[in-house]
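The block underneath contains the structure these notes are about, expressed in structure tokens.
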Amino acid sequence: MGMNTLYKGIFKNKKVLITGHTGFKGTWLSLLLHQLGADIYGYALDPPTNPSLYKEAHLDEIVKSTIGDMRDFQKLKATINQINPEIIIHMAAQPLVRASYKDPIETYSTNVMGTVNLFEAIRQTKGVKVVINVTTDKCYENREWHWGYRENEPMGGYDPYSNSKGCSELVTSSFRNSFFNPKEYDTHGVAMASARAGNVIGGGDWAEDRLIPDFIRAITNGRQLLIRSPYAIRPWQHVLEPLNGYLTLAAKLYEEGHRYAEAWNFGPDDSDAQNVEWITKKICEYWGENAAYKIDTNPQPHEANYLKLDCSKVKAELDWQPKWNIDKALRSIVEWNKSWLSGDNAKQICFNQINDYFKS
Ligand SMILES: NC(=O)c1ccc[n+]([C@@H]2O[C@H](COP(=O)([O-])OP(=O)(O)OC[C@H]3O[C@@H](n4cnc5c(N)ncnc54)[C@H](O)[C@@H]3O)[C@@H](O)[C@H]2O)c1
């Protein structure tokens, strides 16, 4: 299928604003939207890592970027007013569990008030048709059970990051009920949804304290990888999976907003919800060259042990499903990094993987 016909061509020439475009997922989303012919705008702080995919992929050549803080309501509102986007994908956040233990105020103010500011700016400016709040699988009240969480289960979150995303979900439902109610869609014209994805992996992620970036750092610095929580199960998925999910959802919201304005899980198939040690062994195997790891036995801050998503709803109603299994995802990460380390251009590697993904 050619890229032009994907999502019925809805994104071609559309003004799309991505908050958090300088981050890992934001950069991949921008590259994907560029392939679809969208007119892309971004609002975020500077790239959160060094190196960063944003810089490596020269994203400023394809995204009209505003560097600004989600907590700065006036600047955010003025930016939205000026751009006048039809579609907003909200991804700007403090996204790390361990960083949230170190600085809960930063985490809550960005993740909760940042969301409030965005929604209020949308309410005050008019013109936005679709908004998707990207939260996480961690927003659910974790019961440490083996079943996947469904969209209608309670919000929770033990650590400040997970809890801030649960709060951001609650903010979404409050704004939707109060101001963008699907029952009054004809009067306000805004379709507001949220998307809860799993543990995202892919080439070009250099975040602190995430398994795959830690692995790449260890390999490139000639150190042995130390892993925490070897038995913790997560719903691992390649970054293109949820991005394809967000765009599938955005296209539906654009066409029939009132029907899809709710919460959606985008997770992998059950067989891909594996534990940390399983993933580490696989990536070491695919990397070769004597890649190895050790288990870190030091005490660690609390993180959930079991976490799976039930994705029945999204498969039935949005006809979305994962395209790559965990093996393919891990192999693509090894390929991405080896290619980048050999001097290939990050943007081109991503474009090749995007094309490969949509062919499968
Ligand atoms: N990576 C994952 O495994 C994963 C899983 C589920 C959900 N998510 C969610 O997806 C989104 C993107 O995650 P990522 O992995 O790309 O993270 P990232 O750290 O690479 O990017 C975060 C982005 O948010 C921006 N940002 C942070 N604080 C800001 C502030 N105060 N004002 C404006 N911008 C700010 C950063 O500049 C950056 O552009 C986040 O909302 C995250 O919670 C990520």
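If you roll a 1.4 Å probe over the heavy atoms of the protein chains, what accessible area per residue do you get for the chain, in Å²?
Per-residue accessible area for the chain comes out at 42 Å².
Of Q124, S173, V97, which is farthest along the charge dipole of the chain in the positive direction, counting Lys and Arg as +1 and Asp and Glu as -1 at C-beta?
Working it through, the farthest residue towards the positive pole turns out to be Q124.
Probe 1.4 Å, all protein chains in place: accessible area of W278 in Å², nearest 10?
Looks like 80 Å² after rounding.
Whenever you get a sec, compute what percent of the accessible area on the range 14-359 sits on carbon and sulfur atoms (1.4 Å probe).
46 percent
For helix 211-220, what angle does its Cα long axis make with the longest principal axis of the chain, in degrees from 0 to 90 and rounded to 10?
50 degrees
Working out 0.36 nm times the residue gap between K281 and D186, then minus their Cα-Cα distance, what length gain in nm do you get to one decimal? List each step's numbers first, then the result.
Details: separation 95, 0.36 × 95 = 34.20 nm, distance 5.28 nm.
Using 0.36 nm per residue and subtracting the Cα-Cα distance, I get 28.9 nm.
For K126, list the aspartates and glutamates whose Cα falls under 17 Å from its own Cα; do not include residues on the same chain fewer than 8 positions away.
In chain and number order, the partners are E86, E184, D186.
Based on alpha-carbon atoms only, what is the radius of gyration of the range 314-360 relative to the globular estimate 2.2 N^0.38 Å?
The range 314-360 yields a ratio of 1.38.
Points 7 angstrom from Cα along the Cβ direction at D60 and W145: gap in nanometres?
Placing both labels 7 Å beyond Cα along the Cβ direction yields 5.1 nm.
Using the structure shown, list the pairs from K64/K102; K12/K129; K281/K338; K25/K308; K12/K252; K282/K338 with a Cα-Cα distance above 23 Å, or answer none.
K64/K102
What's the magnitude of the charge dipole for the chain around its Cα centre, counting Lys and Arg as +1 and Asp and Glu as -1 at the beta-carbon? Answer in Debye, nearest 20.
Value, rounded to 20: 460 debye.
Which GluC sites (Glu not before Pro) in the range 91-174 pass both tests, a DSSP loop state and at most 15 other beta-carbon atoms within 10 Å?
In loop regions of the range 91-174 (DSSP not H, G, I, E or B), the sparsely surrounded GluC sites (Glu not before Pro) are E141, E144.
Could you tell me the convex hull volume per residue, in Å³, taken over the Cα atoms of the chain?
123 Å³
May I ask you to list the aspartates and glutamates whose Cα is less than 14 Å away from that of K328, ignoring any residue fewer than eight positions away on the same chain?
The reachable aspartates and glutamates, counting only those whose Cα sits under 14 Å from K328, are E241, D269, D272, E285, D356.
What's the percent breakdown of Cα-Cα distances in the range 130-205 across 10 Å bins, shortest bin first?
Result returned by the calculation: 18, 42, 28, 11, 1.
The values are calculated or read from the model by the stated rules, or taken from the named source; none is laboratory data. Values in this document were obtained by computation on a predicted structure and should not be read as measured data. Because the Cβ atoms are built from the backbone with ideal geometry, glycine has one as well, and the counts that use them run over all protein chains shown. The protein model used for the area step is the full one, side chains on, heavy atoms only, and it has no ligands, DNA or RNA in it. Shrake-Rupley method; radii C 1.70, N 1.55, O 1.52, S 1.80 Å.
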